[in-house]
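In what follows, a single structure is set out as structure tokens and then discussed.
Just so you know, all these numbers are worked out from the coordinates, no wet-lab data involved. From a predicted model like this one, the values you see are computed outputs, not experimental measurements. Because the Cβ atoms are built from the backbone with ideal geometry, glycine has one as well, and the counts that use them run over all protein chains shown.
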Amino acid sequence: MDAPPEEPFVDPSGETPVRPAREGETRMCNALETNMTSPLEPGQRFGEFEIRELLGRGKAGFVYSAVDLVSKQRCALKLLCRMSSHDLYRNKLGFRRMSPFRHPSLMRTDRIEIIDNFTVLTMEEIDGETLYAAARRLRNEPSQVAYRKLHSLLHDYASGLAMMHFGGLVHRDLKPTNLMVRSKGNGVIVDYGLVASCDPETDPFGLRPYIAGTPRYFSPEALWDQSYTPAGDVFSLGLVMLDCLNEVAGNDQWLRRGDFADWVRDEDEETIATAISEMDEEIPPVLRMAIAGMLSADRSRRPSSLEVASMTKVGEGPIRLMTTHHLYGRDQELEQCTNFIRDIYRGKTGRLHVYGVPGAGKTRLLDEIERQLRQMHWGQVFRVKCRSRENQTLQVIDQLADQIAQRYAQRDRDRITLDSVSASILKKSFPQLKHVIHEDLYEVPASFNGKPQRLDALTAAIRLSRELRKMGPLVIIIDDVQWSDHDSHTIWDALLSDPSGQLAIITSSREMETQIRYPADLRVPVGPLPPEAAFSFLQTAASRWGANINVAGLQQLLKLSKCNAFRLQELAEEFRPGGMLHGLEDSPNSSMSNFTDVDRFWQTRFEKLSPEAKSILAFIVTANAPVSIGELLDLTGLGEQVDILVFELVRQRLAVDDSSNSECVTVFHDKVAEELIDNFDKKELRRAHLAWAELLKKQNRPRDFAARIAGHLYDANQDGAALPFAILAAENADRAFMKAEAAEWHEKVLQQVAGEARLKHLRDAARCFEEADLPERAAPYYETLAETASDEFQKRRLKATATQLLVRSGRLDKARPLIQDLSDELNILPRRPITMATCRSGLAMLTEQLAKIDFKKLQSEILTSESVQRPDDVATAMYLCSDATRSMAFLDFHGTIQLMSHGAKLAIGHGTNADRLHFGVRAHVWSGVLSGRETDSLEQSQCYLESLVGNLENFPPGLMTGDVWSGLAFLNLLSMNWTTVPHAVDSCIADFGNDLKRLRFESTHTRWLKLWADWQLGNWDSLRTNANDMAEDADRRNDNYQRFVATSGFSGNGFLVDGNLARLSQLGSDSYRIVSDTGSTELKHLFQWIHSTQVHLYEGNYLAASQVVRKMRRELGRSPIRRISLLQIVADYLLCLSSLHQRQESVLCGKPSASTSGAATTDPAIVRNAIRRLNQQPFDFAKMLGALMRGIERRIAGRKKSAAQAFSLAAKMAQQQKLVPYQLAADDGLLSLERDVDHDSLRQYMLTHRVKAPNQLERLYTVGLPNDEYPND
């Protein structure tokens, strides 16, 4: 059989030309002139090589056998000659793409060099022959022997091909002369000139506007559709093997003949199908079946290369499919991650966090997770990377938007339809999504008020993620999240708060905790590798490179590495020929003491670089983003040398070249990048930054690159030149609703401007920080604005705003000087302290005067929306007294009453009907707070607010009506009328939601009341939902106050219902950020003590619970807050509960009783006194608790009769108040007095409401008995 007519000369490394343009197709290359003579002679010194002989020539250049004079190893050199710039780039790109691969069936590449103006590719020299030559030789073998040999070769080629496909590459030029057979009989794939990247998710069809390769072995889709996929490689390999089988069988006809321009698709398919059916019957069935499948005209029916390798495998050994770097010693971590992913695919939402020191191997673990996810072929995986010095609005979100746009550019999915507001926000923030999102002009969110705000942007992100999840589970991988920005964190929190499911966010960082407030569902620490895995890694690397080192030497290196993945990889690379460890034992100075600082190996390699390579590296280091070869060409002017220099950096493990992307070159490792910055000459870094700035300016896209340009100019100390770009960056971030980033750019600009410009950026910084929910960072700018304001009213108003922001962020200590200044200027707080008795009497007078409201005039005021004329000082004082006191109540009880009282007086003297109503509600609430056991005062305040509800029935819902419902909810809570609290809170939230302003803080101030009521009523489903919602919203908006009220007191029990102690602990630690400076016991402390006591009870740590509650009782007695009866009742109840738990534990476990141990916390007198105080309270709730606690105390004491009476009374009172948990607890108490009767109705009720740990949660209501226990007579 004749060789293919287009390639009579067999060259194992020959380049395949792309055919000339035909019918409008792209011309790809200029062929090497056929009369060109070999430029090198045997024995000639060529750079660091000595030429041995010419192996062959192709249409791209010459291939020589040579000796590397440095490593003393034989290799093959390929000289690329007289090629077009496009073909030269293509050959080098294919070579670069294959450089990471190590597989026995793939020719190993080494490096790219320029020697004497020739571009040279160095690679493994294959000792063997082409498959074409082997097939001709096999004709002389017995057919069965020849077929077995081809069967084995097919397995080898398929394994190598699977390795390429696994790595995201396609060969595109498989033919008999690009498949070789080593002298030992193994098959190997060569010639990577047409290797291209492929991604089944973003580029599923591999469509290209040209035909490249050898048409004789093209798949149908490549030949007629220019579609290059892994399935096309499988077809090409199948056709090559069919030709070889025909060769062995004596059929000397090539299947495809003549000019392919004359071929017809149907006829070609019929020719191949006929050849398959006419294969020699002696061909083994498995081989016949494999070839038939590989040559299916429908690519979806072809087996994958890995399936072909599996079909043709002989023996029990594994298929040699090796990744670029095998994942050593991470089986346990990978299993944890895999189980997490399974839960996501089953419908959950969650976050997985991988953490460890730099170089621990976090990124490699993420690589493996990503690989497994992509193999699932269902769902969507997007991976982004944060960089420490990257200056770009929403650096990682922008990367994510790019990937989404790229995925939808394939047009195999319908565009995403979103409401008009969400669509507008996303398109404006991320222009690349314009072709992805379709705007539904008829849908507008109910909460939208006409001007998009930051929370609208978060809602848009959530809605986009929901639409993406309609296509399957969504997994977002974020590498090095410690470098992410505040705005990005807020988006991750928003996505994780969405209950729609099938969403995973996988993060990695150096620390266990991140700035993402949503806690990780699974934390996976990545520490040192297990010693046996680390040793195996080093041993494998030494064996691969033929390094001369014994076991003892490897053990010493293992100690040096401390089993750190980065250090192990550094050591392994030095096993390569020419490396420091390759011939260690042959070296006269072979002591391991020379290698103590493994972390600095990179510096040795850095010092070996040529000056040109160092200059390239400076540009890569300062880019703070992936760099393209094209950019490096523009920056350096080094022409085709850039490729070679990048290859040098890759070989020295100082850079990574991901040739599958256009922007592909980055610093090898963050650990190296950080030290390189310090190692470079500062002048060289400055030049690099200036060059980057100039290059980005030339793109004529200042709005897109403003942040990067400004960053480079600032790093180059060109602050003046950076200023206009910094201003533009701030405007861009502001438009994209990235308020924190915008504020930070305004901060930077402030240092360079003066006059009106400085005032503008001060205002913008203050506004953006406030809108980014960073009130503590916004407050200083409002203070500075106040200092610069010439108008006294404006100055005080700005001070009041700063005060309000600091108080809302829980920093009363920082707000105190401002409060004092404003108090002095506006004469708000009295010079001398006022007693609580005076406050109570003053409130009584204020409530009477504030009740004088003309409702007809009030309605007219609302309808006309007339602005109220009042003195500036009065307006500022009323603003401060109204807004600051909402959250200040938890931090300064006494001061809040005084501020509120002053505001009420101003409302009486200068306010409108609306002002009097607003402060009247406040006055009545505080009157109820201070009423103590005087229930008449409390009832009068409730009656007044109920009358207001009736009077305002026809008024439009908003702040005013919401205020009334809020006040009523507070008074119902103080009187412990638990059943009426939820309705009042719901009505308040609904009215606040209908106001033109977004009254989030006002809603928060009321919403926690429902959490307390739900706990008492046993509405655990509502409790868990609202507590989680409030906590998640607090995380999104960085609201310390809301986080505090959502987790302290009884509110935190919403997390105990789900058994989520970890989340509660994290939120609880965050809530301690709110700070009081009074030196007295405040509501903040009491709420935290209540929470802490209940957590201890839940965990069964009764002694700790008793200690906390006794401290609470002691401090409460010294504080003016003791006037709040609810807190007195809760303190006595928790004191009884914790003490009785301890006493029962002593009885059941046989421990010493209180009377013998002398433990003060279990002294019966303590419990009896607390029960007496509960019974003396005028509130039915307190009396019910007293009866329940007495029943438990009597049962423990063995007094069954009196216990039964107490339990019966408690059950009756709880039923009247609809307090289900307490009623069931009392019923259980009665049943526990009988033998052989179950007494777990409360636990069973909890189970029906999906309570995670009923046995533990029950401890917060009662002291139960196990069902097999009953009290002694």
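Computed from Cα positions, the angle between helix 836-850 and the longest principal axis of the chain comes to roughly 90 degrees.
Using alpha-carbon pairs under 8 Å, 6+ residues apart, how would you state the relative contact order of the chain in percent?
Numbers: 2105 pairs, mean separation 73.8, N = 1273.
Computed over the chain, the figure is 6 percent.
Which pairs, out of K72/K608; K72/K385; K852/K1183; K348/K562; K795/K852; K427/K614, put more than 30 Å between their alpha-carbon atoms? Correct reply: K72/K385; K852/K1183; K348/K562; K795/K852; K427/K614.
In this simple spin-label approximation, K184 and N251 carry label points 7 Å from Cα along the Cα→Cβ vector, and these lie 3.4 nm apart.
Only lysines eight or more places from K559 in sequence, or on another chain, were considered; those with a Cα closer than 25 Å are K362, K671.
Rounded to the nearest 0.05, the FRET efficiency derived from the C-beta distance between A273 and R102 at R0 = 51 Å is 0.85. Compared with the dominant principal axis of the Cα atoms in the chain, helix 682-697 is inclined by about 90°. With the highest mean first, a sort of the peptides 817-824, 517-524, 419-426, 212-219 on other beta-carbon atoms found within 10 angstrom per residue produces 212-219, 419-426, 517-524, 817-824.
Could you please tell me the mean projected area of the C-alpha convex hull for the range 945-989, averaged over all directions and given in square nanometres to one decimal? Provide the component values of the computation, followed by the final result.
Values: hull surface 11.1 nm².
The orientation-averaged projected area of the Cα hull of the range 945-989 comes to 2.8 nm².
The Rg/Rh ratio of the range 741-847, with both radii computed over alpha carbons and Rh defined as the Kirkwood radius, is 1.11. With each run of n ≥ 4 DSSP H residues scored as -39500 (n - 2.57), what mean residue ellipticity at 222 nm is computed for the chain after dividing by its residue count and rounding to the nearest 500 deg cm²/dmol? Computed mean residue ellipticity for the chain: -17500 deg cm²/dmol.
Residue separation times 0.36 nm, minus the C-alpha to C-alpha distance between T338 and R1235: what's the value? Intermediate values should be presented prior to the final figure.
Working: separation 897, 0.36 × 897 = 322.92 nm, distance 4.95 nm.
So the extension gain works out to 318.0 nm.
Quick one: if you stick a label point 7 Å off each Cα along the C-beta vector at K760 and S1080, how many nm between them? If labels sit at K760 and S1080, their model points lie 4.8 nm apart. Checking the table K739/K760; K1084/K1111; K799/K1010 against a 23 Å threshold on Cα-Cα, which pairs fail? Over 23 Å apart, Cα to Cα: K799/K1010. For mean projected area of the Cα convex hull in nm², computed directly from the structure shown, the correct entry in (i) 72.8; (ii) 60.1; (iii) 85.1 is (ii). Packing around the peptides 293-303, 241-251, 1231-1241, taken as the average count of other Cβ atoms within 10 Å per residue, puts them in this order, highest first: 241-251, 293-303, 1231-1241. Once the Cβ-Cβ distance of S38 and E612 is raised to the sixth power relative to R0 = 25 Å, the FRET efficiency obtained is 0.30. Here's the list of aspartates and glutamates a cross-link from K698 could span, going by alpha-carbon distance under 17 Å and ignoring same-chain residues fewer than 8 apart: E631, D634.
Could you tell me what fraction of 2.2 N^0.38 Å the Cα radius of gyration of the range 331-525 comes to, as a two-decimal ratio?
1.02
Here the simple spin-label model places points 7 Å from the Cα toward Cβ, and for K852 and D1029 these points are separated by 4.2 nm. A simple rule links phi to the HN-Hα coupling: the Karplus curve 6.51 cos²θ - 1.76 cosθ + 1.60 with θ = phi - 60°, which for the range 939-952 gives 5, 4, 5, 5, 4, 4, 5, 5, 5, 4, 4, x, 5, 9 Hz, with x for Gly and Pro. Listed by chain and number, the lysines placed with their C-alpha closer than 17 angstrom to that of K149 are K184, K313; residues fewer than eight positions away on the same chain are left out. Put simply, when 1185-1198, 721-734 are sorted by average Cβ atoms within 10 angstrom per residue, most first, you get 1185-1198, 721-734. May I ask for the angle, rounded to the nearest 10°, between helix 1061-1071 and the longest principal axis of the chain, with both axes built from Cα atoms and the value confined to 0 to 90°? Taking Cα atoms only, the helix is inclined about 70 degrees.
When the alpha-carbon atoms of the range 1124-1260 are used, the pair Rg, Dmax equals 14.7, 43 angstrom.
Roughly how large, in nm² to one decimal, is the mean projection of the convex hull of the alpha-carbon atoms in the range 123-267? Mind showing how you got there, number by number?
Working: hull surface 37.4 nm².
About 9.4 nm², averaged over all directions.
For a Förster distance of 45 Å, can you work out the FRET efficiency between the beta-carbons of M289 and D402, rounded to the nearest 0.05?
The calculated FRET efficiency here is 0.55.
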